[in-house]
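Here is the structure we will look at, set down as structure tokens.
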Amino acid sequence: MKDTDYAYAVARIRANEGKLLTGAQVEALTDAPSFERALQDLKNLGWLADDGEAEISAIIGRQNAALWDLLQAVVPDKDDLGALTALNDFFNLKAALKCMLTEQDPTPLYQMPTLLDLDALTENVNAHAFDRLPPFLAACAKRAFEAAHRTESGQSADILVDEAALRFLADKAEETGSDLLREIFRFLCDSTNIKVALRCARTGKDLSFTESAVGPCFALEKSVLCYAAVQGEAALFNYLSATPLSGGAALLKNSTSAFEKWCDDTVLEKAKAAKYVFFGFDPIAAYFFAKTAEIKTVRILLSAKKAGVAPEIIKERVRALYV
Amino acid sequence: MTNLGLALALFGAAFAVIFAGIGSAKGVGLVGQASAGALSEDSSLFGKVLILQLLPGTQGLYGFIIAIFVLIRTGILSGDVAELTWVQGLLYLASCLPIAFGGLLSGIHQGKVAAAGVSLVAKKPDQSGRAITMASLVEFYAILPFLISFLAVFRIG
């Protein structure tokens, strides 16, 4: 696919970029005196449906669905979107496996957007027909199922799926012809690995477990990261302070949510390079990250408003904006 | 040898139309795709994106004009076909090459600039003037080969 094949898609995406929330609009929403007022402001910005549905999950769900509908409508090759939804796809596989083992319905747990047929995923996992899953999930699903059976614990299955997801993302980072996506995928792998390593350090896991849980690294040295995690939290943060991700690590020391915000903001900062690209998939991927961050901001904002959180605290949590 | 001269001149005319036409077709087609994307979000942008879509179409027109002049000068249009030596034919062919290749490349690149301009207008409709100006600058490099081809065709005795 040539970059110029995306001319239609990029023009539509640019038109939609003009509808993204601005800093002033987010500030006005943050300073809104009440949850109801924030909802009214969002309604004026076209965020609420005509039926006036005010449930936060419904508002967020509708925005996510609209984003996904737009992306699917504009991209000339839907396979392009696969890398963007990979983490959700692997998460959904984990949910399906876990619910199969506990005989529950996974539907409420599924994360959107995804390119998977979720009914088929549930059906195939329940029937142990892993070879009928998409090729990138099939082998990992089978291994995770066998591990869960062998150890009678969902944890080993989770680790296998999480590690496979990171490996998939790392492969995509190397395969993609886009510098922007490569940088973002590499960053996502590294930042997720930091979280995994910290979890291992806090739960006192041994080296072999940590090495199996941590995925491919780029700006980090996997062996050093795993060794530091086994030594404990202090050793882990000491190692991270000397890496390019030291800024995020310093935040993670005190707050997981601050680290999550740093990760989202860093991805968006990298995505901003696509503002100056007019052909190819980069502007579409950048819009995906921008809109996802915007939706997350509105979710945080509404939840905080509903709980009566002060605007100053909300401002610390809201994500950076693309526009 | 008379027929060879005429054949070469006609090749020149064909080159001018075909290559400059390809440049325009690619350029206009690309801007058309971008315009469709912009209009599907905001149909009020039609006037602005139409100008951008028209710009890469001029190369094909320039190639067509040069080809018509070659047909006039060689008497093909009037039916009074001139006797051309192979050197004269080659001169006509050479005269057509600037607009053929200048038109091809400038049409494609102007199309890219104009398509990027459509994306700019889709996001910021008030920037249409700048988008049109940027795409128009590429036109200069279609006009130059057109002028050279035009002057050369007229100077061939």
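Things worth noting here:
- Test result for A:T256, loosely packed, with under 14 Cβ neighbours inside 10 Å, among the β-branched types (V, I, T) and more than 14 Å from chain B (Cβ to nearest Cβ): yes
- Among the numbered conditions (1) touching a Phe, Trp or Tyr at 6+ places or on another chain (Cβ under 7 Å); (2) within 14 Å of another protein chain (Cβ to nearest Cβ); (3) not hydroxyl-bearing (S, T, Y), the only one that B:A114 does not meet is (1).
- The residue that is nearest to the chain's Cα centre (by Cα), among those in segment B:117-139 that are of a type in the set (A, V, I, L, M, F, W, C) and within 13 Å of chain A (Cβ to nearest Cβ), is B:A135.
- Residue match in segment B:37-46 (condition: open to solvent by 40 Å² or more (accessible area, probe 1.4 Å), part of a helix (DSSP H, G or I), among the charged types (D, E, K, R) and closer than 24 Å to B:P145 by Cβ): no
- On the stretch given as segment A:158-199, residues that are in a helix (DSSP H, G or I) and either open to solvent by 20 Å² or more (accessible area, probe 1.4 Å) or touching a Lys or Arg at 6+ places or on another chain (Cβ under 7 Å) (or both) total 25.
- Verdict on A:R14 being among the basic types (K, R), away from chain B (no Cβ under 14 Å) and assigned to a helix (DSSP H, G or I): no
- So A:L21, is it part of a helix (DSSP H, G or I), more than 14 Å from chain B (Cβ to nearest Cβ) and open to solvent by less than 40 Å² (accessible area, probe 1.4 Å): no
- Exactly one residue out of B:S44, B:S35, B:S24 is touching a Pro at 6+ places or on another chain (Cβ under 9 Å), of a type in the set (G, A, S) and modelled with pLDDT of 95 or more, and it is B:S24.
- Evaluating A:Y6 against the criteria (1) farther than 21 Å from A:D119 by Cα; (2) without any contact (Cβ under 8 Å) to a residue 60 or more places away in the chain leaves one unmet condition, (2).
- Of the residues making up segment A:26-45, those that are open to solvent by less than 60 Å² (accessible area, probe 1.4 Å) and either closer than 19 Å to B:E41 by Cβ or part of a helix (DSSP H, G or I) (or both) are A:V26, A:A28, A:L29, A:T30, A:F35, A:A38, A:L39, A:D41, A:L42.
- Of all residues in segment B:2-27, those being among the hydrophobic types (A, V, I, L, M, F, W, C), buried (at least 22 other Cβ atoms within 10 Å of the Cβ) and more than 27 Å from B:D80 (Cα to Cα) number 2.
The values are calculated or read from the model by the stated rules, or taken from the named source; none is laboratory data. This is a predicted model, so every value here is computed, not measured. For neighbour counting, all protein chains shown are included, and Cβ atoms are generated from backbone atoms with ideal geometry for every residue, glycine included. Ligands, DNA and RNA are stripped out before the accessible areas are found, and what is left, the full protein with its side chains, is counted by its heavy atoms. Shrake-Rupley method; radii C 1.70, N 1.55, O 1.52, S 1.80 Å.
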